[in-house]
Structures are given as C-alpha cells and as structure tokens.
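Note sheet for the following structure.
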Ligand SMILES: *Cc1c(COP(=O)(O)O)cnc(C)c1O
C-alpha cells in the first residue's frame with residue numbers, strides 16, 4: 001500500500017545529485033589537490049582546511065550504536081529543521097500537494113510548507129491535546145503527502161497516544177513523521193524501535209534539547225535506508241560542518257554527562273510541576289513528558305508574561321495557539337532559574 005517511489009516528487013526520483021570531490025575520493029591521500037581546498041592550513045587556531053565527510057560516517061557509526069539502529073537508517077542535518085524542510089521538498093510538489101499538521105504543534109512544519117508553496121491541512125487535537133478516533137479517521141482520509149506527529153508535543157508537552165499513532169502508521173498513504181525532539185524526557189520507548197514495521201515512518205530527534213547542543217545545529221532523522229537514501233540525494237553536499245561532526249563525536253563519547261543533564265532537568269520539571277499549582281494565578285499545569293511545562297494562567301496570561309519580561313525572565317507566550325488560550329510555556333532551567341521564576345510568579349499581583 002505504501003510506495004515510496006510514487007510518493008517522491010517525479011523530478012527528484014530521477015535527479016542526479018551533485019557529486020562532490022569527497023564523494024569520489026574518501027580518505028587521506030598523500031597529495032589532495034581535487035577540491036580546491038587550501039593545503040597550507042587554516043586561519044584561526046583550528047584546522048578546518050578540508051571539506052567534511054558529506055555522509056558523516058564517523059558520527060553515524062557512534063550514533064547507530066547509541067540508538068540501536070543501523071548507520072543506513074540515519075540522516076544528519078543542520079538541525080532537525082533541515083530534515084523537516086528536506087522531507088517537504090522530497091515529497092510535495094509546490095502549488096499542488098499538501099501536508100497535514102495537528103495543532104497546537106511545532107511551528108516549523110507550517111513554515112517549511114509555506115516556504116515550499118505547499119498547502120497546509122489542519123486537524124486540531126482534542127482539548128487535552130490528544131488524538132481521537134475521529135482525528136485518526138480524518139488523517140487516514142487525507143491525501144496529504146506527510147502527516148506530522150509531534151510526540152512529546154510542543155508546546156503542550158504530552159506524548160500522543162501510541163495506539164492511535166499506530167493506526168495512522170498502518171493506514172496513512174504518505175510519510176508519517178514522528179518528531180521526538182523531546183523523547184529523551186519521556187518514559188515511553190522511541191519509535192525508532194518500530195522502524196522495521198513501518199516503511200512510511202520517519203523519526204526526528206535532535207541534539208538541541210537533552211544533549212544541550214542547540215548552538216551546534218545537529219538534527220537526526222531515522223527511517224528506512226530507502227528514505228534516508230533520498231534525503232542524502234537531495235541535501236546540500238556538506239550540510240553538517242567538520243566542527244559539528246567533531247563536537248558531536250565528543251558528545252556521543254560523553255554519554256554520562258548527557259544522562260546527568262537529562263536527570264537534572266527531569267528533577268527540575270517535577271520541582272516546578274509540584275509548586276506551580278499552588279499559585280493563585282495558575283489555573284492548570286499540563287502533564288509534561290518534555291523539558292518544559294505548559295501552564296494556564298488566569299485571569300490574564302499575557303499580563304503575567306509582560307510582568308516576567310520586566311523582571312528579566314523570558315518565557316514563551318502561547319496564548320494565540322489553537323486550544324492554548326491563557327497559556328505560557330515554561331522551559332525547565334537550572335535550579336536557581338526555576339527558583340527565580342517561581343518567586344517572580346508568587347510576586348505577581350501580590
Ligand atoms: C526544538 C525542536 C526541534 C529541534 O529543532 P533543531 O533544528 O534540531 O534545533 C524539533 N522539533 C520540535 C518539535 C522542537 O520543539
């Protein structure tokens with residue numbers, strides 16, 4: 001029922017990708033005069049005079065072990081945002097095709113659609129930000145090329161019900177992209193464990209959140225080798241810099257630090273989630289499987305937002321998002337930052 005080749009844009013199916021010097025010769029030769037690099041060296045303290053590995057083999061080798069997948073199931077991009085854009089460009093004919101989002105959700109899916117002149121279909125999540133049998137039925141009836149399932153969802157923080165996601169994976173004719181940017185904070189297993197079952201599944205993860213490397217810009221997509229092959233074919237040849245590849249390798253070899261950061265953020269999330277409901281201005285703290293909390297304030301969330309800004313505390317105002325009236329999204333910070341946030345909220349209107 002799922003046919004990747006018929007989903008891919010016809011002009012890309014047969015497109016010949018750019019063949020870089022590093023594609024044609026890999027490794028260290030004695031004399032490297034094939035890529036118009038500067039053999040003498042680099043300005044600045046570090047050596048970056050050679051083009052990086054276009055397929056980031058060393059990083060993928062480590063990452064494959066860490067994630068229990070095969071290197072051929074991994075795509076690396078300049079942030080997950082690059083993978084989001086490439087997935088749209090791979091499947092959606094501009095001015096003709098559509099993609100499907102489930103608001104309230106991450107804004108980049110829609111930006112990527114607009115950038116590529118792709119129509120956006122919307123099916124709003126239930127009031128508790130979940131899938132339902134009705135939503136699943138509408139997804140399965142859609143001709144969209146991609147459906148985006150953000151789980152844990154941004155800005156709401158909750159995991160989507162796995163059984164409904166599975167129904168979508170079984171019945172949807174397009175790509176099902178599960179954005180797991182926050183999976184490291186969730187108790188549920190990653191959908192990467194189900195790749196073999198679903199040829200239409202793409203799982204997105206990132207180094208920007210639990211790994212603490214947002215400034216590095218490194219995102220991951222996990223999918224069948226066929227889908228990954230297409231992404232590699234259409235990506236900019238050197239989309240992940242040598243600096244990023246080196247730092248990512250160092251991070252992957254420092255998994256203890258990753259685990260410690262993750263644990264501390266989970267403790268901070270619980271600490272805030274325990275105390276926020278006691279504040280008179282807090283109407284609801286939504287359950288979170290992420291490193292942030294969506295909180296409904298009354299009577300006026302934007303007044304709370306402005307008050308925090310004046311105190312030098314910036315949070316995300318989500319009041320205009322579908323189903324999110326009266327809400328602010330609070331990222332879990334250091335223990336000291338969490339204290340400052342809570343103290344400021346206690347002083348609002350006091
Ligand atoms: C933060 C976030 C990302 C990460 O994007 P990067 O480009 O990798 O920094 C992806 N998806 C969602 C839903 C996010 O909230």
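Note on region 56-150: along the principal axes its Cα atoms extend 43, 32, 21 Å, ordered by decreasing extent.
From largest to smallest, the equivalent ellipsoid semi-axes obtained for region 114-180 from the alpha-carbon gyration tensor read 18, 15, 11 Å. Dividing the radius of gyration of the alpha carbons in region 305-350 by their Kirkwood radius gives 0.99 for Rg/Rh. Region 151-167 and region 279-299 have Cα centres separated by 18 Å. Three principal axis extents describe the C-alpha atoms of the chain; from largest down they are 72, 53, 34 Å.
Rounded, prolate or oblate: which fits region 243-283 when a ≥ b ≥ c are the square roots of the eigenvalues of the alpha-carbon gyration tensor, with rounded for a/c under 1.5 and prolate only if a/b beats b/c?
On the way: a/c = 8.67, a/b = 3.15, b/c = 2.75.
Since a/c reaches 1.5 and a/b is larger than b/c, the shape of region 243-283 is classed as prolate.
Ranked by the mean number of other Cβ atoms within 10 Å of their residues, highest first, the peptides 334-347, 71-84 come out as 71-84, 334-347. Of the peptides 235-242, 257-264, 171-178, the order by per-residue mean of other Cβ atoms within 10 Å, starting with the highest, comes out as 171-178, 235-242, 257-264. Pairwise alpha-carbon distances in region 1-121 exceed 19 Å for 66% of all pairs. Given the options 303, 112, 251, which has the most mean-square fluctuation in a GNM of the chain, springs set between C-alpha atoms less than 10 angstrom apart? Top of the fluctuation ranking is 303. Helices in the chain, meaning DSSP H runs of at least 4 residues, each add -39500 (n - 2.57). Divided by all residues, the mean residue ellipticity at 222 nm is -10500 deg cm²/dmol.
Against the main long axis of the alpha-carbon atoms of the chain, helix 162-171 sits at an angle near 40°. Projected onto planes of every orientation and averaged, the convex hull of the alpha-carbon atoms in region 179-273 covers 7.3 nm². If the Kirkwood radius is taken over C-alpha pairs of region 256-347, then at 25 °C and 0.890 mPa s the Stokes-Einstein diffusion coefficient equals 183 µm²/s. Take the Cβ atoms of residue 256 and residue 49, set R0 to 35 Å, and the FRET efficiency comes out at 0.60. Pairwise Cα distances in region 122-223 exceed 23 Å for 24 percent of all pairs.
Since every read-out is calculated from the coordinates, none of them should be taken as a lab result. Only a predicted model underlies this, so the values are computations on that prediction, with no experimental measurement involved. Backbone-built Cβ (ideal geometry, glycine too); neighbour counts: all protein chains shown.
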